[in-house]
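The values are calculated or read from the model by the stated rules, or taken from the named source; none is laboratory data. Please read these numbers as outputs of a predicted model, since none were measured by experiment. Cβ sites come from the backbone with ideal geometry, for glycine too, and all protein chains shown count toward neighbours.
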Amino acid sequence: MSEPEEGLFLIPVSLIKQYHFCPRIVYFTEVLGFKERRTESMERGHEEHERLAELDIRRKTLFGHRRIRILKRWTRLHVASERLGLVGTIDLVVLTEEGLAVVEYKRSSPPKRPPPGHIYQAAAYAMLAEEYFGAPVRRFYIYYDDGRSSRAFKLTLTRARRDHVLWTAKKIRAIIEDEELPRPVDKRRCSGCGYYRLCKGV
């Protein structure tokens, strides 16, 4: 897959997750300028997300697992890459005995397996970390915690995942540049979407 041309605007990594939930969200937020109304529960979720990231600052091992010793860590690392055409803030980067790894925190109940949007969002952060440090990031983690249960998923940054991140960024860029409303991918998700009232009218 070809790399983005220099000088293009950078795609926020958070849009990769939104695109995989529904491409229309990208249109509403980036073309029309609508933002989802922040509820009280969303604010609490954001505060908890920050708490989870801060918790690992004090830990000597990753997620409290004795086998994964943290040698060095970086939190809330903002990275922009013209080569990738991406920009974002990485929750946590750690250096372990196996090398660099990225952690993406999710304030939600642990699923049986992470949804594609979460996987490719975290993979994009791993790619940005490689750009920043000039070193390979072969592993990344998605950590779910809803306050009652938690689970960390360990994933590999494969060539297929790298290519799909760039493919997704290209699709997002096309929506923004062409200003065309895409079709919803799965109408079963519509009722739980914060843009549903706006979307059903178009």
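Here is a yes/no grid of residues against (1) of a type outside the set (D, E, K, R); (2) at pLDDT below 90; (3) part of a loop (DSSP other than H, G, I, E, B):
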{"position": "LEU52", "(1), (2), (3)": "yes, yes, no"}
{"position": "ASP56", "(1), (2), (3)": "no, yes, no"}
{"position": "ARG66", "(1), (2), (3)": "no, yes, yes"}
{"position": "ALA80", "(1), (2), (3)": "yes, no, no"}
{"position": "ILE90", "(1), (2), (3)": "yes, no, no"}
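Does LEU100 qualify as being surrounded by 21 or more Cβ atoms within 10 Å (Cβ to Cβ), in contact with a strand residue (DSSP E or B) (Cβ under 8 Å, 6 or more places away or on another chain), farther than 18 Å from ASP145 by Cβ and not β-branched (Val, Ile, Thr)?
Criteria met by LEU100.
For segment 92-112, which residues satisfy the criterion of being of a type outside the set (Asp, Glu) and not in a loop (DSSP other than H, G, I, E, B)?
LEU92, VAL93, VAL94, LEU95, THR96, GLY99, LEU100, ALA101, VAL102, VAL103, TYR105, LYS106
Take PHE34 and decide whether it is at pLDDT 90 or above, of a type outside the set (Lys, Arg) and either more than 18 Å from the chain's Cα centre (by Cα) or in a loop (DSSP other than H, G, I, E, B) (or both).
Working: at pLDDT 90 or above: no; of a type outside the set (Lys, Arg): yes; either more than 18 Å from the chain's Cα centre (by Cα) or in a loop (DSSP other than H, G, I, E, B) (or both): yes.
It is false that PHE34 is at pLDDT 90 or above, of a type outside the set (Lys, Arg) and either more than 18 Å from the chain's Cα centre (by Cα) or in a loop (DSSP other than H, G, I, E, B) (or both).
Could you list, in sequence order, all residues of segment 104-131 that are within 18 Å of PRO12 (Cβ to Cβ) and in contact with a Phe, Trp or Tyr (Cβ under 8 Å, 6 or more places away or on another chain)?
Result: GLU104, TYR105, LYS106, GLY117, ALA122, ALA123, TYR125, ALA126.
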